[in-house]
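The values are calculated or read from the model by the stated rules, or taken from the named source; none is laboratory data. Bear in mind the structure is a predicted one, so any value in this text is a computation, not a measurement. Note: ideal-geometry Cβ built from the backbone for every residue, glycine included; neighbour counts use all protein chains shown.
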Amino acid sequence: RESGGINCNGNVDNHHCLKLVDYFYHREHLIIVTELLKMNLYEFQKTNRENQEVDGDAPYFTMGRIQLITKQVLEALAFTHRLCLVHCDLKPENILFKSYGRVKVKVIDFGSSCFIDDVLSHYVQSRSYRAPEVLLGLPYDSKIDIWSLGCIVAELWMGTVLFQNDCLTSMLSRIASIVGPIPWYLFAKGKQVRMYFTSDGSLARKVDTPHSMVGGMTASGATMAPHIAAQMDMHSSGAHGGRRYVMYLPKKSSLRSRMRCDDDLFVDFVSQCLQIDPVKRLTAAAALQHPFITQAKYPDGL
């Protein structure tokens, strides 16, 4: 339904969405035929990074190319959002190249998408690109796609996931650390808040078996993911209300520091996409008017 609606509402090539060529049924299965595209952003970045290490290739994702990619994805989102359609699973794997040389991309995979007037599920978005309102169980709209885009473009620049995490609680902790704090008023109506916070407001993850966390190591000897332990949060064990928890104490950081970027326009653009309060977050249409998208300041950009 979603793919058909997109393809029936204008030239999808102009809107950077995957083109539906045909469809048919075979043995009660729906077969969808689409245009042929190239690697997705995740695969291409991984290959480019490996080629840099082995052959000394130059990084592909320069600021100018990131600008071009971001603008195209925003145009795709602005188009689908005008149709009241939320992608719900925007991530590097769902943005494919049409041309490497001309830096042309398309947004694919609307299998998880929903219309604004649908009954909204909170089992949407891949974890590392999941918006705070989805994590907390709040009502959401097309702004969740903008959050995902902010995560993606930061990742293209950094070469690694912006909010590195090993569970939903550590994801929230990273968000609070880098772009937080989380506004108190978002807690009031969040249906999932109790999954992550104790009654006194501490960010914590319930554990099934008693153990302690010291320096990223559990008492059983299981090592926490090194990139999480080193870069992220201090962990401690504790009891609360008769239950055992791993407590998360976010270390204060900043988006500029995490991204290691001195381009003010780019950092501001990502910051506006990653506003924790969705009311303050950019829409796709507004993001297209941001100076990072409109200014021709990069030699390989606009």
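Do we find that Val119 is hydrophobic (A, V, I, L, M, F, W, C), under 23 Å from Ser271 (Cβ atoms) and out of contact with any Asp or Glu (no Cβ under 9 Å at 6 or more places or on another chain) in this structure? No. In segment 254-282, how many are touching a His at 6+ places or on another chain (Cβ under 6 Å) and surrounded by fewer than 17 Cβ atoms within 10 Å (Cβ to Cβ)? Of the residues in that region, 0 qualify. Any residue in segment 130-143 that is within 11 Å of the chain's Cα centre (by Cα), modelled with pLDDT of 95 or more and within 24 Å of Glu50 (Cα to Cα)? For segment 130-143, residues within 11 Å of the chain's Cα centre (by Cα), modelled with pLDDT of 95 or more and within 24 Å of Glu50 (Cα to Cα): absent.
On inspection, Leu18 does not qualify as surrounded by fewer than 18 Cβ atoms within 10 Å (Cβ to Cβ) and more than 20 Å from Ala287 (Cβ to Cβ).
Taken together, the criteria exclude Tyr298 from residues that are at pLDDT below 95, over 18 Å from the mean Cα position of the chain (by Cα) and buried (at least 17 other Cβ atoms within 10 Å of the Cβ). Determine whether segment 51-60 contains at least one residue that is of a type in the set (A, V, I, L, M) and surrounded by 18 or more Cβ atoms within 10 Å (Cβ to Cβ). Looking for residues that are of a type in the set (A, V, I, L, M) and surrounded by 18 or more Cβ atoms within 10 Å (Cβ to Cβ), one finds none in segment 51-60, hence no. Quick one: would you say Arg82 is surrounded by 14 or more Cβ atoms within 10 Å (Cβ to Cβ) and either farther than 30 Å from Leu136 by Cα or modelled with pLDDT of 95 or more (or both)? Judged against the criteria, Arg82 is a match. When the residues of segment 26-45 are filtered to those that are in a strand (DSSP E or B) and under 26 Å from the mean Cα position of the chain (by Cα), the one that is surrounded by the fewest Cβ atoms within 10 Å (Cβ to Cβ) is Thr34.
Could you check Ser257 against (1) among the hydroxyl-bearing types (Ser, Thr, Tyr); (2) more than 27 Å from Tyr140 (Cβ to Cβ); (3) modelled with pLDDT under 85 and say which number it fails? If we test Ser257 against (1) among the hydroxyl-bearing types (Ser, Thr, Tyr); (2) more than 27 Å from Tyr140 (Cβ to Cβ); (3) modelled with pLDDT under 85, just (3) comes out false. Only one of the listed residues (Thr80, Thr70) is in contact with a helix residue (DSSP H, G or I) (Cβ under 9 Å, 6 or more places away or on another chain) and either closer than 21 Å to Phe266 by Cβ or assigned to a strand (DSSP E or B) (or both). That residue is Thr70.
Checking segment 115-136 against the condition returns a match, with at least one residue being acidic (Asp, Glu) and free of Cβ contacts under 8 Å to residues at least 60 places away in the same chain. Considered as a group, the residues in segment 130-182 that are surrounded by 23 or more Cβ atoms within 10 Å (Cβ to Cβ) and among the basic types (Lys, Arg) include one that is nearest to Glu43 (Cα to Cα), and that residue is Arg130. For segment 85-121, the set of residues classified as of a type in the set (S, T, N, Q) and either over 23 Å from Gly190 (Cα atoms) or surrounded by 14 or more Cβ atoms within 10 Å (Cβ to Cβ) (or both) consists of Asn94, Ser99, Ser112, Ser113, listed by residue number. Selection of segment 102-129 for residues being part of a loop (DSSP other than H, G, I, E, B) and of a type in the set (Gly, Ala, Ser) yields Gly111, Ser112, Ser113, Ser121, Ser126. Residues that are of a type in the set (A, V, I, L, M) and at pLDDT below 50 within segment 184-233 comprise Met213, Val214, Met217, Ala219, Ala222, Met224, Ala225, Ile228, Ala229, Ala230, Met232, listed in sequence order.
Filtered by the rule that a residue be in a strand (DSSP E or B) and of a type in the set (A, V, I, L, M, F, W, C), segment 83-101 gives Leu85, Val86, Ile95, Leu96, Phe97.
Filtering segment 46-66 to residues that are touching a helix residue (DSSP H, G or I) at 6+ places or on another chain (Cβ under 7 Å) and either part of a helix (DSSP H, G or I) or basic (Lys, Arg) (or both) leaves Met63, Ile66. Just wondering, is there one or more residues in segment 41-48 that are of a type in the set (A, V, I, L, M) and modelled with pLDDT of 95 or more? Yes, segment 41-48 contains at least one residue that is of a type in the set (A, V, I, L, M) and modelled with pLDDT of 95 or more.
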